[in-house]
Amino acid sequence: MSTFRVNEQCNGCLACVQNCPASALDYVDDGNKRKLLHNMALCARCGNCWRICPQKAVEFQSLLKGPWEEVATMELVRCVLCGEPLYTVDFSKDLSSRIDQNLEPLCPSHRKAHPFAVWKKFSPLTPEKETQG
């Protein structure tokens with residue numbers, strides 16, 4: 001579905017084609033027909049075609065209101081405590097393999113709540129020494 005639109009006012013003067021800085025507009029004369037062509041991949045959405053058209057045939061607003069298209073769907077990893085989405089399963093696997101360690105799926109809020117658990121692992125005082133002292 002093309003998002004570039006030209007209405008019935010177009011008379012085929014080619015002002016838009018000749019003034020497109022991105023060369024996103026072209027035409028083909030085929031038998032008794034002239035076909036106006038647009039390449040969205042080249043289009044800079046500069047609006048020059050819209051400004052230059054003497055017939056007001058280019059409907060530029062359609063270029064600015066394109067629909068969102070789904071391009072991929074991935075499974076999410078969520079915080080084990082609150083369920084907040086964190087990252088995708090594939091991202092988790094890639095990162096875990098790079099750091100050679102499994103990630104604990106905690107959101108930033110819950111990760112902040114657990115920093116002392118890490119320090120306990122490195123503390124010179126073990127629970128036995130704490131109770132004796």
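The values are calculated or read from the model by the stated rules, or taken from the named source; none is laboratory data. All figures in this text were calculated on a predicted structure; none of them were measured in a lab. Every residue, glycine as well, gets a Cβ built from its backbone with ideal geometry; the counts of neighbours run over all protein chains shown. In case anyone asks, the SASA skips ligands and DNA or RNA and just uses the protein heavy atoms, side chains included. Shrake-Rupley method; radii C 1.70, N 1.55, O 1.52, S 1.80 Å.
Which of the residues that make up the stretch 1-41 are assigned to a loop (DSSP other than H, G, I, E, B), among the hydrophobic types (A, V, I, L, M, F, W, C), surrounded by 13 or more Cβ atoms within 10 Å (Cβ to Cβ) and under 26 Å from the mean Cα position of the chain (by Cα)?
Phe4, Ala22, Ala24
What pairs come up if the first residue lies in the stretch 92-103 and is under 18 Å from Met74 (Cβ atoms), the second is open to solvent by 80 Å² or more (accessible area, probe 1.4 Å) and of a type outside the set (Phe, Trp, Tyr), and their beta carbons are under 7 Å apart, counting only those six or more places apart or on different chains?
From the stretch 92-103, the pairs are Ser96/Asn102.
Within the bounds of the stretch 60-73, is there any residue that is in a loop (DSSP other than H, G, I, E, B), on the phi < 0 side of the Ramachandran plot and either modelled with pLDDT of 90 or more or of a type in the set (Lys, Arg) (or both)?
Yes, the stretch 60-73 contains at least one residue that is in a loop (DSSP other than H, G, I, E, B), on the phi < 0 side of the Ramachandran plot and either modelled with pLDDT of 90 or more or of a type in the set (Lys, Arg) (or both).
Going by what's in this entry, would Leu103 be described as at pLDDT 90 or above, open to solvent by less than 100 Å² (accessible area, probe 1.4 Å) and part of a loop (DSSP other than H, G, I, E, B)?
no
With (1) open to solvent by 90 Å² or more (accessible area, probe 1.4 Å); (2) modelled with pLDDT under 90; (3) under 29 Å from the mean Cα position of the chain (by Cα); (4) not β-branched (Val, Ile, Thr) as the list, and Trp50 as the residue in question, which single condition is left unmet?
Among (1) open to solvent by 90 Å² or more (accessible area, probe 1.4 Å); (2) modelled with pLDDT under 90; (3) under 29 Å from the mean Cα position of the chain (by Cα); (4) not β-branched (Val, Ile, Thr), the lone unmet condition for Trp50 is (2).
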